[in-house]
Each structure stands twice: as structure tokens, then as C-alpha cells.
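Attaching a single structure in C-alpha cells format; questions to follow.
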Amino acid sequence: MPSPLLLTPRLEPRLGALLRAPEVLYPLVEGLGSPLNVVLPQQVVENVRRFEAARDRHHLRGTVYFAHKANRSSALVRALATSGAGLDVASLEELRHGLGSGFTPDRIGATGPKEPEFLWLAARTGVTVTVEDQGELERLAVLVARYELPRVKVQLRLSGFPSQGVRQLSRPSRFGTPFAGLPALLDAVERVRERVEVVGVAYHIDTTGLPEKALALDGCLRALDLCLERGLRPATVDIGGGFGVSHLADAREWEAYTTELTLAALGRRPPLTWRGHGYGLANEGGTLRGSLDLYPGHRPLAGAEYLDALLRQDSPAFGRPLGELLLDGLYDLAVEPGRALMDQCGATLARVVDVRTGPDGIAQVRLAMNADDCALEEHGILVDPLLLPRPGGAPVPDPGPGAATGVYLHGNLCLESDLITRRLVQLPRLPAPGELLAFANTAGYAMDFSAQNAERRPPARKVALERTPGGGWRWTLDEQWWPTATESDTGAPLPSTTPTSTPAAHPGGTPGTTAGARGVPPLPGTTKGRV
């Protein structure tokens with residue numbers, strides 16, 4: 001009998017400890033409903049320090065910006081405000097949230113498509129604006145003149161970088177001005193230089209390929225030279241995000257799974273997915289067509305280590321490490337990790353509703369959540385969930401091939417397509433109704449980027465958890481978390497973890513209780529606790 005194809009999540013100590021604490025998590029789900037997102041503010045601050053350490057190894061200065069779109073948590077953003085990080089906002093609401101969470105305008109960058117109100121508030125408050133093209137630059141200059149705003153700091157976002165010598169492709173992007181259009185963009189800057197100040201150049205490339213990133217960074221260095229020739233004084237290179245996350249603990253599991261998935265697509269082994277879904281692969285007359293449309297589950301190089309490797313990469317044009325060239329030019333380095341800063345910062349919990357056997361003999365597990373509540377599938381991330389034993393209930397066998405059971409995970413929407421994942425996931429045993437599954441490491445995009453109110457089901461609530469000095473856990477509703485939360489410990493003791501009032505879980509809640517409807521403040525004592 002072939003061994004089950006496990007995809008075991010990678011867990012660092014803090015997230016691992018939380019997911020081994022069912023006595024903490026079960027009461028939270030019972031009180032606040034399923035699904036429930038949990039986030040770890042202490043972890044995101046630690047992740048910022050890792051990026052800063054990688055930058056410091058190259059003796060560079062600069063800022064690590066969190067790409068807010070990766071997670072809308074208040075607790076995580078407020079925790080970041082206590083660190084040296086900046087905030088990359090891509091909407092009016094994200095900007096307002098950042099300002100209200102403690103970020104000063106000089107630590108915020110505005111990127112992405114910008115409506116007039118977003119552009120105006122960014123200019124009004126003194127946020128650095130990354131302009132995409134000449135048209136946006138001119139619209140910004142008009143706003144500055146019309147409303148008599150202070151001169152606005154801007155970065156010029158570029159794309160389509162040419163290679164020198166051996167031809168190298170630069171991935172097309174709908175963001176930024178093609179490098180060939182830089183002279184015209186600088187002409188426009190000179191026409192409005194009394195209203196804008198160019199402080200840097202930037203790029204955004206949707207890839208984790210080091211050669212493409214090196215080509216783009218090299219192009220930015222050449223762009224800075226052109227700016228200096230025009231009498232401009234930009235001092236920062238913003239290299240965006242795309243540092244990647246490794247979701248799996250073992251590279252061999254990923255290699256084995258993708259190999260068998262290919263064989264399944266060719267019909268040479270039983271399907272590994274719901275109704276033979278191929279994740280981009282197809283069998284055409286015995287020939288494999290297409291390519292895997294999946295996020296690489298295991299990455300040998302990711303996060304801060306990826307940044308370090310990029311800065312060690314030789315410049316395609318100058319043949320010297322890019323970090324050295326930035327240092328020689330006395331340029332600051334800005335990075336905008338989203339997913340990578342969210343690594344190990346949270347998980348999504350879901351209650352098992354029922355378990356039935358499908359016509360193929362494979363168990364189908366229905367969860368009190370839907371695919372939009374945890375969009376791992378949408379982002380092509382394949383990983384096994386963790387079965388959390390109920391405190392005092394049936395134990396969960398140690399993970400391993402001998403104990404695994406393959407199941408399909410169905411959502412709670414009245415749709416055939418509502419599968420949490422199309423993959424046949426592996427669990428240590430069949431779960432029982434009422435038990436919890438935990439999807440690890442969902443804070444980066446999977447947690448709430450796609451969440452919606454389908455069938456009037458409310459999106460998942462979110463809870464921030466912190467380790468206490470005694471090794472326990474302190475929890476707070478996400479929107480109620482502030483950096484000063486620990487100061488209340490010096491006053492009256494916090495209530496126990498289990499909410500003191502009868503919590504109204506999903507859907508909607510009862511006004512005045514912990515899970516009350518949006519906009520209704522919870523009763524005192526029901527928004528946080530400790531164990």
C-alpha cells in the first residue's frame with residue numbers, strides 16, 4: 001500500500017506552541033464562533049527584526065514597510081507601529097487605518113491604484129507617494145496646487161528594465177513606468193518640481209526569481225544616475241516585496257507530492273484531488289500539457305534570507321554585489337514584504353460539522369467555514385491542516401505516514417464548488433463533529449483577503465494572542481488590541497479566558513455580548529482574557 005502523501009506545515013516555536021494549546025483555542029472558538037482567525041502580534045515584530053538584520057549585514061540603512069493588503073488586522077498593524085517598520089498602504093481605508101494605528105505620515109508609503117480622495121489624503125498628511133506614471137504625477141501636482149498643499153515626496157515606480165550583454169527577460173508589469181519612458185517622466189517631474197520632491201525610485205515585479213529582481217535593482221541604480229544628472233536628489237531604492245514564504249517543513253514531501261500529482265494527471269495513479277483536478281496539468285492523448293499553477297510549498301530561500309541573497313547577487317551591469325553598489329551610492333533600501341512579514345503570524349480555526357463517506361469510499365469532512373474564509377486554494381497553497389484534540393477528548397496520533405487518513409474538506413456554502421481545498425488532505429485520524437481543524441500560517445493573504453459575506457454568513461472574527469512572561473497566553477479581540485494592553489495587568493486582574501458573559505458566536509451575535517454585531521461594543525470583560 002503506497003504511503004500517504006503528507007504536506008506537513010512548517011511551524012516556528014510561537015505558532016507551534018499556540019496550536020498545541022487546545023485548552024486556549026477551544027474556548028475561543030466556542031465563544032467567538034467558527035471560523036476564527038488568530039494572530040500573533042509579537043511574531044510580526046520579530047519578523048521585522050529579521051529583515052532589518054539582513055539589511056544591516058550589508059551596512060545599509062532604510063525601512064521595512066509592511067504591505068498592509070496582506071492582512072487587515074488592527075493588532076498586527078499597531079504592533080508594527082511600535083517597531084521601526086513602515087507601512088505600505090494601497091487604499092484610502094488602509095491609509096486611515098495606518099494613521100489611526102499610530103503610524104506617523106513619514107513612516108507611510110502610498111502605492112497602487114489611487115482614487116482622488118486617497119491621493120489627496122496622502123498629500124495632505126505628508127505621506128510619500130509612489131507614482132505609477134506621468135498621468136498620476138500630473139494629477140498629484142494639480143491637487144497640490146488646487147488645495148495649496150505642501151510639496152509632496154514621491155517615488156518613481158519603474159518597470160520593463162532592459163538587460164545589457166546577455167539578453168534577460170524582465171517580467172511585464174501593469175505597475176510603473178517602463179524604463180524606456182523614464183526620460184519623459186523626468187521631463188514631467190521638472191515641470192512640477194515646485195510641487196513634488198523625488199526621494200526615490202521603486203519597482204514591483206510579481207516574481208521571486210533572483211535574476212529578474214537583480215536586473216530590476218540594477219535598472220533602478222541607473223535610473224538614480226539619470227535623476228542626479230537632472231539635478232534631482234533621490235536617496236532611496238524601494239524594491240517592493242516578493243520575498244516568499246516556505247509553508248512546508250520538508251522539501252521531500254513537496255517533491256514527492258508534485259511528482260505523484262503529475263503521474264495522476266497522466267492517469268498513471270489514482271487521483272490525488274477532487275474529481276481529478278490537475279492544478280494546471282492536463283493529459284492530452286498521453287502527453288502532459290500545462291504547468292503546475294501552485295505556490296511552491298517548500299522554498300529553500302525565503303523571507304529575510306532571500307533579501308540577503310539578493311543583495312549578494314552581482315549586478316548584471318557592473319559585476320559587483322548589489323548591496324555594495326547601494327552602499328557606494330549611499331542609497332537607502334526600502335522593502336515592502338507582505339506575505340513574508342506575515343510568516344508564522346496566525347492561523348485559521350474551523351469546527352468540524354459532520355463527517356460522511358463519499359461514493360468513492362473517501363471521507364468528506366464538512367467544516368463551519370467556506371473557501372473564502374481561508375483562501376489557501378485561491379493562492380495555490382497546499383498544506384495539511386492540523387487536527388486539534390478536544391481537551392480531555394480522544395488523543396490525536398503522532399503525525400506520520402502510518403497514522404494518516406485522506407479526507408476531502410467541504411465548506412458550509414450551498415455550492416458544489418465550495419471546497420476548502422481540492423486536494424485530498426491527510427489527517428492523523430478521522431475527526432469527530434465538534435473537533436477543530438487548524439490551518440497554519442494563514443496570516444499572509446489567505447486569512448481575510450478574499451473573505452466575504454456570502455449567504456449572509458459573517459466573515460471570521462479575529463483574535464490576537466500573546467505569550468505572557470509565565471508561559472501562558474493572553475487573548476484580545478483584534479480590534480481591541482493596543483500596545484498598551486499589558487499595562488492593564490498592573491491594575492485589576494483580567495478575567496479568565498472563557499468570556500464572562502454568554503458569548504453570542506456567529507452569525508451576527510447578540511448586541512452587548514462578545515461576538516456582537518459589527519459596531520456594537522462588547523461588554524467589558526469579554527474582549528480579552530488570559531490562561
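Of everything in region 469-485 that's touching a residue at least 24 places away in the same chain (Cβ under 8 Å) and in a loop (DSSP other than H, G, I, E, B), which residue is most open to solvent (accessible area, probe 1.4 Å)?
Result: 482.
Still on this structure, please answer the following. Of these, 382, 311, which one is outside any strand (DSSP E or B) and at pLDDT below 95?
382
Moving to a separate point now. Take region 194-220 and flag every residue that is closer than 17 Å to residue 131 by Cβ, at pLDDT below 95 and open to solvent by 10 Å² or more (accessible area, probe 1.4 Å).
Answer for region 194-220, where residues must be closer than 17 Å to residue 131 by Cβ, at pLDDT below 95 and open to solvent by 10 Å² or more (accessible area, probe 1.4 Å): just 204.
Might you let me know whether region 402-409 holds any residue that is touching a Gly at 6+ places or on another chain (Cβ under 6 Å) and either surrounded by 16 or more Cβ atoms within 10 Å (Cβ to Cβ) or in contact (Cβ under 8 Å) with a residue 24 or more places away in the chain (or both)?
no
Something else now. Among (1) at pLDDT below 95; (2) among the aliphatic types (A, V, I, L, M); (3) touching a His at 6+ places or on another chain (Cβ under 9 Å), there is one condition residue 333 misses while meeting the rest; what is its number?
Failing condition for residue 333: (1).
Residue by residue through region 252-293, note down the ones that are open to solvent by less than 30 Å² (accessible area, probe 1.4 Å) and assigned to a helix (DSSP H, G or I).
Listed by number, the residues that qualify are 257, 258, 261, 264, 265.
The rows are residues; the columns are (1) more than 30 Å from residue 219 (Cα to Cα); (2) buried (at least 22 other Cβ atoms within 10 Å of the Cβ); (3) polar (S, T, N, Q).
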{"position": "313", "(1), (2), (3)": "no, no, yes"}
{"position": "324", "(1), (2), (3)": "no, no, no"}
{"position": "336", "(1), (2), (3)": "no, yes, no"}
{"position": "348", "(1), (2), (3)": "yes, yes, yes"}
{"position": "355", "(1), (2), (3)": "yes, no, no"}
{"position": "367", "(1), (2), (3)": "yes, yes, no"}
{"position": "374", "(1), (2), (3)": "yes, yes, no"}
{"position": "377", "(1), (2), (3)": "yes, no, no"}
{"position": "384", "(1), (2), (3)": "yes, yes, no"}
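Ok, one more. For a quick check of your reading: which helices (runs of 4 or more DSSP H) sit entirely within region 80-158 and have at least 2 residues that are of a type in the set (A, V, I, L, M) and open to solvent by less than 30 Å² (accessible area, probe 1.4 Å)?
Answer list for region 80-158: 116-125, 134-146.
Another one. From the list 397, 391, pick out the single residue that is open to solvent by 40 Å² or more (accessible area, probe 1.4 Å), at pLDDT below 95 and touching a Lys or Arg at 6+ places or on another chain (Cβ under 8 Å).
Result: 397 is the single residue among 397, 391 that is open to solvent by 40 Å² or more (accessible area, probe 1.4 Å), at pLDDT below 95 and touching a Lys or Arg at 6+ places or on another chain (Cβ under 8 Å).
Quick check on region 441-459. Is at least one of its residues outside any loop (DSSP other than H, G, I, E, B), hydrophobic (A, V, I, L, M, F, W, C) and touching a strand residue (DSSP E or B) at 6+ places or on another chain (Cβ under 7 Å)?
no
Further question: Can we say residue 185 is open to solvent by less than 60 Å² (accessible area, probe 1.4 Å), part of a helix (DSSP H, G or I) and either small (Gly, Ala, Ser) or over 22 Å from residue 220 (Cα atoms) (or both)?
In short, no.
Turning to a different aspect of this structure: Pick from 302, 340: which is buried (at least 17 other Cβ atoms within 10 Å of the Cβ), in contact with a helix residue (DSSP H, G or I) (Cβ under 9 Å, 6 or more places away or on another chain) and either assigned to a loop (DSSP other than H, G, I, E, B) or at pLDDT 95 or above (or both)?
So the residue among 302, 340 that is buried (at least 17 other Cβ atoms within 10 Å of the Cβ), in contact with a helix residue (DSSP H, G or I) (Cβ under 9 Å, 6 or more places away or on another chain) and either assigned to a loop (DSSP other than H, G, I, E, B) or at pLDDT 95 or above (or both) is 340.
Find the residue count for region 343-368, including only residues that are assigned to a loop (DSSP other than H, G, I, E, B) and either of a type in the set (Gly, Ala, Ser) or on the phi > 0 side of the Ramachandran plot (or both).
Number satisfying all stated conditions: 4.
The values are calculated or read from the model by the stated rules, or taken from the named source; none is laboratory data. Just so it is clear, the model here is predicted, and its values are computed rather than measured. All Cβ positions, glycine included, derive from the backbone under ideal geometry; neighbour counts span all protein chains shown. Each accessible area value is taken on the protein alone, full model and side chains, heavy atoms only, with ligands, DNA and RNA left out. Shrake-Rupley method; radii C 1.70, N 1.55, O 1.52, S 1.80 Å.
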